[in-house]
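A short worksheet on the structure shown next.
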Amino acid sequence: MARQFFVGGNFKMNGSVESIKKIISYLNDAKLDPNTEVVIAPPALYLLLAREHLKPGLEIAAQNVFDKPNGAFTGEISVDQLKDSNITWTLLGHSERRVILQEDDAFVAAKTKAALDGGIGVILCCGESLEQRESGKTIEVVTSQLKAVAEKVKDWSKIVIAYEPIWAIGTGKVASTEQAQEVHAAIRQWLKKELGDKTAEETRIIYGGSVSEKNCKDLSKQPDIDGFLVGGASLKPAFVDIINSHLYGEEKGNSRL
Ligand SMILES: O=C[C@H](O)COP(=O)(O)O
């Protein structure tokens, strides 16, 4: 079964009422590949604004969600509040939160479980640092990040895995198509081993890290790259080219599981 292409736009802590409305109106008017699932993740403050203006069929993700129900958790947002606001996805485990805010695998796993239990889809980020890559630990690091989630969650049908090598984020140093495909294929093998053939075949594994309108086409042709998580370029018109990159991709074969 072919996996639907998925492109997420992570605005990170960028934008204003004005600029976010502008990006949304650009997306609303653009001709987008109807076979690509598109999800944008504006800062929390602008989630409702985005939902109000973004046309139906394009979805919105929070950049984070807490693992506890509504209550005394200053500064956090609950799964119920996302649902109440028609926000259907959340990012979790982004390296900027893992590194800067010191979120560990167990916390990311707890939040993933809470989101899925509440019916929110999860774009689950994983990825290695340059030091880990250079010491040959990429696959070990990535699979251990995913394993923490697999210990708590057996149904991965509402998880999209985003492989984002930390050294490629915001640096302009995109992973080569071979480097990205190699890790994506290893993640799929790991899914097969841990969660079975169906999960391995159906789970989308998207790539993030300096994706641009220039490099997206080659990456999108790789058999195990099912889309992108885009940072900087999601704030620019180039985002539409990235959403449409799959239109120009060659027919992809099933990966060798
Ligand atoms: O979530 C998106 C990633 O961190 C990639 O960011 P970037 O495209 O600016 O490198």
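Built from the Cα atoms of segment 107-173, the convex hull projects on average onto 4.9 nm², one quarter of its surface area.
Beta-bridge orientation, segment 5-251: approximately 0 percent antiparallel, per DSSP, counting only bridges with both partners inside. For segment 5-251, pairs of C-alpha atoms spaced more than 26 angstrom apart make up 34 percent of the total.
For segment 5-251, which whole-number percentage of the solvent-accessible area (1.4 Å probe, protein heavy atoms only) is attributable to carbon and sulfur atoms? The computed percentage sits at 51. Solvent-accessible area per residue in segment 98-257 equals 45 Å², computed with a 1.4 angstrom probe and all protein chains kept.
With +1 assigned to the C-beta of every Lys and Arg and -1 to the C-beta of every Asp and Glu, and no other charges, what is the dipole magnitude of segment 108-257 about the Cα centre in debye, to the nearest 20?
Details: 20 positive and 21 negative charges, 58 e Å.
My answer is approximately 280 debye.
Using the Cβ-Cβ distance between Lys147 and Lys236 with R0 set to 41 Å, the FRET efficiency from 1/(1 + (r/R0)^6) comes to roughly 0.70.
Rounded, prolate or oblate: pick one for segment 1-79, where a ≥ b ≥ c are the square roots of the eigenvalues of its C-alpha gyration tensor, a/c under 1.5 means rounded, and failing that, prolate if a/b is larger than b/c, else oblate.
Numbers: a/c = 2.58, a/b = 1.41, b/c = 1.82.
Oblate shape, in that a/c is at least 1.5 and b/c is the bigger or equal ratio.
Residue ranking by accessible heavy-atom surface, 1.4 Å probe, largest first, among Ile169, Ile225 comes out as Ile169, Ile225. In segment 181-246 the Cα-Cα distances spread across 10 Å bins starting at 0 as 23, 46, 24, 8 percent of all pairs. Helical content of the chain, expressed as a calculated mean residue ellipticity at 222 nm, amounts to -11000 deg cm²/dmol (DSSP H runs of 4 or more residues, -39,500 (n - 2.57) each, divided by residue number, nearest 500).
Considering Cα pairs under 8 angstrom that are at least six residues apart, work out the relative contact order of the chain and quote it in whole percent.
On the way: 491 pairs, mean separation 53.2, N = 257.
It comes to 21 percent, rounded to a whole number.
Put a plus charge on the Cβ of each Lys and Arg, a minus charge on the Cβ of each Asp and Glu, and nothing anywhere else: the dipole of the chain about its Cα centre is then about 180 debye.
About the Cα centre of segment 120-200, how large is the charge dipole given +1 on each Lys and Arg Cβ and -1 on each Asp and Glu Cβ? Please answer in debye to the nearest 20.
Details: 11 positive and 11 negative charges, 64 e Å.
Dipole about the Cα centre, nearest 20: 300 debye.
At 30 angstrom or more along the helix axis (alpha-carbon based) and mean Kyte-Doolittle of 0.5 or higher, what helices does the chain contain? Whole DSSP H runs only. Qualifying helices: none.
Going by Cα centres, segment 1-74 and segment 177-225 are how many Å apart? Cα centroid of segment 1-74 versus Cα centroid of segment 177-225: 22 Å apart.
The values are calculated or read from the model by the stated rules, or taken from the named source; none is laboratory data. Everything numeric in this text was worked out from a predicted model, so none of it was measured. Please note: Cβ atoms are built from the backbone with ideal geometry, for glycine as well, and neighbour counts cover all protein chains shown. The accessibility values were calculated without ligands, DNA or RNA, using every heavy atom of the protein model including side chains. Shrake-Rupley method; radii C 1.70, N 1.55, O 1.52, S 1.80 Å.
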